[in-house]
Amino acid sequence: MLNSNLLRKLDMQDLMVFIAVYEQSSVTGVSEALFVSQSTVSYCLKKLRTSFEDELFINTRTGMRPTYKAGTMYTHVLKILESINLCHAGVQAFDPTRQAVTFNICAPEYFEHLILPRLLKNFDFADLPVIVNVHKLETDIPAEELRDGSLDLVIGFGPNFHRSHHDFRSQVLLEDDLVCVFDKRATPLEPRISLKAYVERRHVFPTPWTSSTNMVDGWLAQQAHKRQIVARSNSYSAALKLITGTDFILTMPRRIQHLLAKDAIFSHCEAPNGVPGFTLEMQWSQTRELDSANTWLREQVVKACAEQGFL
């Protein structure tokens, strides 16, 4: 908002005249520099004097001498004109074809299976010199690394699976649910395993991100139940190998099951009623919201999801 209604009558030409008179001390010189008549310069000066309630420039034998107020205004008016020019030019868009760039993303194995391959294929197809380093997701969001720029993006699970931060922005990339996977010879006959049968089976627990428990264990605790975990693996692929030839059960995301669990070896059934689904969410620091490279990366991640029908 403006402090005075008088300021509303000013335009860019008035501010340009102010700067030019301040720097050149000559109405004639300003007229020639701005390609306007001397009467126009005089009219602009009149508007400026009225609006700022000050003489601003005093006509002397050596030229137009700025008043004290004009001296305090100069740098501010100069910044106004510079800001207007920046608005007109716009933010320079990130162009990955000009130079090699490396992005650092903290994400679970889930992201590496479902989104990263398409992302890299798109970069390769466009012949872009882009490198993506994926750092394993720990128990919680690496907030400080995201804030200081060590990480460009964090991909995590939701809703509300990780501690929230008020200075982070987020976007849901996809939704998924959990299914129960078995060796083909040990698959239950029912299309959905009961809670009783579920907790009686021995489980293999994949830990594609660092965590001692996950959403399944939290849900079971709410039902006053606990499952027996006979092995923990670092990946979904390893977990599938661990249940081969056994009656163990593996609870895994449906999209990963479609991708990795070959029908010739494995079968699956629905998880017990009430087992929660989840979302995959992309988070970035508020300070990088308008960063053109970060914005471009987020757009590419969303594009990779959309191309596969996740969004």
Exercise. What are the residue pairs meeting all of these: first residue in region 221-249, first residue under 19 Å from residue 188 (Cβ atoms), second residue assigned to a helix (DSSP H, G or I) and among the aromatic types (Phe, Trp, Tyr), Cβ atoms under 8 Å, and 6 or more apart or on different chains?
Worked result: 227/198; 249/198
For this session: Working only within region 100-147, note down all residues that are touching a Cys at 6+ places or on another chain (Cβ under 8 Å), exposed (fewer than 15 other Cβ atoms within 10 Å of the Cβ) and under 19 Å from residue 260 (Cβ atoms).
Result: 136
Problem set entry | Meets criteria (at pLDDT 95 or above and either surrounded by 13 or more Cβ atoms within 10 Å (Cβ to Cβ) or at negative phi (or both)) for residue 94 | no
For this session: For region 178-197, state whether one or more residues are under 17 Å from residue 157 (Cβ atoms) and surrounded by 14 or more Cβ atoms within 10 Å (Cβ to Cβ).
Result: yes
For this session: Taking residue 45 as the residue in question, decide whether it is of a type outside the set (D, E, K, R) and within 46 Å of the chain's Cα centre (by Cα).
Result: no
Exercise. So which of 211, 233 is of a type in the set (Gly, Ala, Ser), at pLDDT below 95 and more than 18 Å from residue 157 (Cα to Cα)?
Worked result: 233
For this session: Determine whether residue 190 is out of contact with any strand residue (DSSP E or B) (no Cβ under 6 Å at 6 or more places or on another chain), assigned by TED's automatic domain parsing to the domain that holds residue 259, without any contact (Cβ under 8 Å) to a residue 60 or more places away in the chain and among the acidic types (Asp, Glu).
Result: no
For this session: Check residue 237 against each of (1) in contact with a Cys (Cβ under 7 Å, 6 or more places away or on another chain); (2) assigned to a helix (DSSP H, G or I); (3) hydroxyl-bearing (Ser, Thr, Tyr) and name the one condition it does not meet.
Result: (1)
Problem set entry | From 159, 206, residue being farther than 30 Å from residue 246 by Cβ and not basic (Lys, Arg) | 159
For this session: For region 50-75, enumerate the residues that are over 49 Å from the mean Cα position of the chain (by Cα), at pLDDT 90 or above and part of a strand (DSSP E or B).
Result: 57, 58, 65
For this session: Check region 107-125 and report whether any residue there is in a strand (DSSP E or B) and farther than 30 Å from residue 238 by Cα.
Result: no
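Working carefully through the options 151, 146, 81, find the one that is in contact (Cβ under 8 Å) with a residue 12 or more places away in the chain, touching an Asp or Glu at 6+ places or on another chain (Cβ under 9 Å) and either part of a loop (DSSP other than H, G, I, E, B) or over 26 Å from residue 279 (Cβ atoms) (or both).
Numbers: 146 fails: either part of a loop (DSSP other than H, G, I, E, B) or over 26 Å from residue 279 (Cβ atoms) (or both); 81 fails: touching an Asp or Glu at 6+ places or on another chain (Cβ under 9 Å).
Among 151, 146, 81, only 151 is in contact (Cβ under 8 Å) with a residue 12 or more places away in the chain, touching an Asp or Glu at 6+ places or on another chain (Cβ under 9 Å) and either part of a loop (DSSP other than H, G, I, E, B) or over 26 Å from residue 279 (Cβ atoms) (or both).
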Exercise. Does any residue of region 182-194 turn out to be assigned to a loop (DSSP other than H, G, I, E, B), touching a helix residue (DSSP H, G or I) at 6+ places or on another chain (Cβ under 9 Å) and over 20 Å from residue 275 (Cβ atoms)?
Worked result: no
Exercise. Among the candidates 216, 275, which residue alone is in contact with a strand residue (DSSP E or B) (Cβ under 6 Å, 6 or more places away or on another chain), part of a loop (DSSP other than H, G, I, E, B) and more than 17 Å from residue 154 (Cβ to Cβ)?
Worked result: 275
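Farther than 30 Å from residue 253 by Cβ and touching a residue at least 60 places away in the same chain (Cβ under 8 Å): is that true of residue 111 in this structure?
On the way: farther than 30 Å from residue 253 by Cβ: no; touching a residue at least 60 places away in the same chain (Cβ under 8 Å): yes.
Spelling it out, it is not the case that residue 111 is farther than 30 Å from residue 253 by Cβ and touching a residue at least 60 places away in the same chain (Cβ under 8 Å).
The values are calculated or read from the model by the stated rules, or taken from the named source; none is laboratory data. From a predicted model like this one, the values you see are computed outputs, not experimental measurements. So basically every Cβ, Gly included, is an ideal-geometry build from the backbone, and we count neighbours across all protein chains shown.
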